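Everything on this sheet refers to the single structure shown next.
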Amino acid sequence: MLEKRDFYINGQWVAPSAANDCAVIDPSTEEACTVISLGAQADTDAAVAAAKAALPSWMATPPAERIALVEKLIEVYNTRTEELAQSMSTEMGAPIDLSRSGQVGAGSWHLDGFVKAAKNFEFERPLGDHAPNDRIIYEAVGVTALITPWNWPMNQITLKFGAAAIAGCTMVLKPSEQSPLNAMIFAEMVHEAGFPAGVFNLVNGDGAGVGTQLSSHPDVDMVSFTGSTRAGTAISKAAADTLKKVHLELGGKGANLVFEDADEKAVKRGVLHMMQNTGQSCNAPSRMLVQKGIYDRVVEEAATVANKVEVGPASQEGRHIGPVVNELQWTKIQDLIQQGIDEGARLVAGGTGRPDGLNKGYYVKPTVFADVNNQMTIAREEIFGPVMAIIPFETEEEAVEIANDTPYGLTNYVQTQDGARANRLARALRSGMVEMNGKSRSAGAPFGGMKQSGNGREGGVWGLEDFLEVKAVGGWTPEA
């Protein structure tokens, strides 16, 4: 069993200030795969102090040099992909093939996207032709706390790190204590790429400890958090006393609107998208809204697709889903499946308990409910597991009403061959993202939501802007 007890602070690995061990559990086996140390206030203070000390010189570093260091990091990243894949597969349960492709690939994809966006970004620009002596300067927010989740670890770390580094911010990363190993490998890569001491720091910890310490710290200028809406609310309250900037990417309860003219692959695509990463994605299409003319056929097809989804250990190669991350999540999902049954939804695939042949590990049956209404618990709460609810609708207007009747607003999906209808829905659906007919967002598109799905945007130009302050300068003297 590995032991990862050190933190990365001010360019070096240092021992924690106090013994506070935490076992990381392999969800495929329910056994500890590593032991880490959780930080105390002294560790958080040391990391923030290092970031604060490094800030002036890093802010003053020309953007081209900051971009070049991120490019170097991408080179280093690409030499350690198998280590990253193995770590994420073991600690959070992503099947190894998904870990190698989606989980690891997301990191380099986002870093590369920030490099491309930054090379065309004007950090200093004229206000306009009407004001030749005014300038707008985009300046780093300052010391930033990056608090990341366990479900897509490298995806979230790189979305925050890439933007912050290029913007000129210094950072303290607190990865999820459920999946810390990949973050520690990432810290090693940042060191190898040659980032100056103090620009990037890592302290392991839980939300109640290091997470709260960073959120309330007077020398932290911004918190960028991805996780649950409940935790986002707590972070916002902790940050309020110091009026720091808070960027939140939170939960979702996405609707997938399937119309009678949907393409023949729409249902299978929707079910498999829901089950990807064992349903542990905030943008999962967890509510399938189906027009009544095709409702019975869609329910039957969705059940057939779900019943064919295989479940197995994360270490096993092939196309299957792995376990959910821990016992707490497993129990929550089981309770919600039972609530769906108790509230009268029709179970057409899956159900409670582990899949056949899997007596150990946090495995969940791929589950589909039909005849759900939007007031049932399984339609209201983010389940964060492989559970999908099918809800009937008659008209386009009713579909929009159901889709928008949720406290969340992250991603919605539309399946129709009517282009005018698709465009109407893109405008009418209250979510930060809308995807049509299986077409995902392109490189550089912003990721983020509305309502209780958070604020701010990650990726591309919008991701950079979230880590920048806007400074207006009057009476600018043109430089010779």
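The values are calculated or read from the model by the stated rules, or taken from the named source; none is laboratory data. Just so we're clear, the structure is a prediction, and the values are computed from it rather than from any experiment. A quick note on method: Cβ atoms are made from the backbone with ideal geometry, for glycine too, and the neighbour counts reach across all protein chains shown. Accessible surface areas use protein heavy atoms only, side chains included; no ligands, DNA or RNA. Shrake-Rupley method; radii C 1.70, N 1.55, O 1.52, S 1.80 Å.
What does the accessible area per residue of the chain come to in Å², with a 1.4 Å probe and no ligands, DNA or RNA counted?
Details: 18960 Å² over 480 residues.
Heavy-atom SASA per residue in the chain reads 39 Å².
Expressed as a rounded percentage, what relative contact order does the stretch 389-480 have, with Cα pairs under 8 Å and six or more residues apart?
23
Once every DSSP H run of n ≥ 4 in the chain is given -39500 (n - 2.57) and the sum is divided by its residues, what mean residue ellipticity at 222 nm do you get, rounded to the nearest 500 deg cm²/dmol?
Here the helix-only value at 222 nm equals -11500 deg cm²/dmol.
What FRET efficiency comes out for Ala197 versus Arg80 if R0 is 25 angstrom and r is the Cβ-Cβ distance? Round to the nearest 0.05.
E(calc), rounded to 0.05, equals 0.75.
In the stretch 175-276, if the dipole is taken from +1 on Lys/Arg beta carbons and -1 on Asp/Glu beta carbons about the Cα centre, which of Ala255, Gly227, Ser216 is farthest to the positive end?
Sorting the options by dipole projection puts first Ala255.
May I ask you to list the aspartates and glutamates whose Cα is less than 12 Å away from that of Lys451, ignoring any residue fewer than eight positions away on the same chain?
Glu249, Asp405
Counting only protein heavy atoms and using a 1.4 Å probe, what share of the accessible area of the stretch 330-480 belongs to carbon plus sulfur, as a whole percent?
Roughly 47 percent of what the probe reaches on the stretch 330-480 is carbon or sulfur.
Could you tell me which residue out of Ile9, Ala389, Val24 lies farthest along the dipole of the chain toward its positive end? Charges go on the beta carbon: Lys and Arg +1, Asp and Glu -1, centred on the Cα centre.
Highest projection toward the positive end goes to Ala389.
Quick one: plug the Kirkwood hydrodynamic radius of the stretch 344-426 (C-alpha pairs) into Stokes-Einstein at 10 °C, 1.306 mPa s, and report D in µm²/s.
So the translational diffusion coefficient is about 107 µm²/s.
Report relative contact order for the chain in percent, whole number only (criteria: Cα-Cα under 8 Å, sequence separation at least 6).
19
Greater than 25 Å separation of Cα atoms is the criterion. Which listed pairs, Lys160/Lys360; Lys119/Lys471; Lys160/Lys268; Lys160/Lys265, meet it?
Lys160/Lys360; Lys160/Lys268; Lys160/Lys265
Please give every one of the lysines within straight-line cross-link reach of Lys4, meaning a C-alpha to C-alpha distance under 18 Å, and leave out same-chain neighbours fewer than 8 residues apart.
Within the straight-line limit of under 18 Å, Lys4 reaches these lysines: Lys174.
The stretch 309-386 to the stretch 168-216: how many Å between their Cα centroids?
32
On alpha-carbon atoms, Rg over Rh for the stretch 396-480 using Kirkwood Rh? If you can, show how the numbers build up before the last one.
Working: Rg = 17.9 Å, Rh = 15.2 Å.
Result: Rg/Rh = 1.18.
Please report the antiparallel percentage of DSSP beta bridges with both residues in the chain, rounded to the nearest 5.
Counting only bridges with both partners in the chain, antiparallel ones make up about 40 percent.
Pick out, from Ala266, Met189, Ile136, the residue whose Cα sits farthest towards the positive end of the charge dipole of the chain, with +1 on the Cβ of Lys and Arg and -1 on the Cβ of Asp and Glu.
Highest projection toward the positive end goes to Ile136.
Which of the three applies to the stretch 294-387, rounded, prolate or oblate, going by the alpha-carbon gyration tensor with a ≥ b ≥ c and a/c under 1.5 meaning rounded?
It is oblate, given that a/c is not under 1.5 and a/b is not larger than b/c.
Give, rounded to the nearest 20 debye, the magnitude of the charge dipole that the stretch 1-65 has about its Cα centre when Lys and Arg contribute +1 at Cβ and Asp and Glu contribute -1 at Cβ.
Dipole of the stretch 1-65, to the nearest 20 debye: 320 debye.
Below 14 angstrom from the Cβ of Val400, what's the summed charge of the other residues (Lys, Arg +1; Asp, Glu -1)?
Spelling it out: positives minus negatives among the neighbours equals -1.
Can you compute log10 of I(q)/I(0) for the stretch 98-198 with the Debye formula, treating each Cα as one identical point scatterer, at q = 0.11, 0.17, 0.21 Å⁻¹?
Reported log10 I(q)/I(0), two decimals: -0.41, -0.82, -1.13.
Could you pull out every one of the aspartates and glutamates with an alpha carbon less than 18 Å from that of Lys245, ignoring same-chain neighbours closer than 8 positions?
Once the sequence-local aspartates and glutamates are set aside, what remains near Lys245 is Glu139, Asp219, Asp221, Glu458, Glu465, Asp466, Glu469.
Select one label from (i) 42; (ii) 23; (iii) 28: the one whose number is percent of Cα pairs over 37 Å apart as derived from the coordinates shown.
Step by step, percent of Cα pairs over 37 Å apart for this structure corresponds to label (iii).
Based on the alpha-carbon gyration tensor of the stretch 1-160 and its eigenvalue square roots a ≥ b ≥ c, which shape applies: rounded if a/c is under 1.5, prolate if not and a/b is larger than b/c, or oblate?
Oblate, since a/c reaches 1.5 and b/c is not below a/b.
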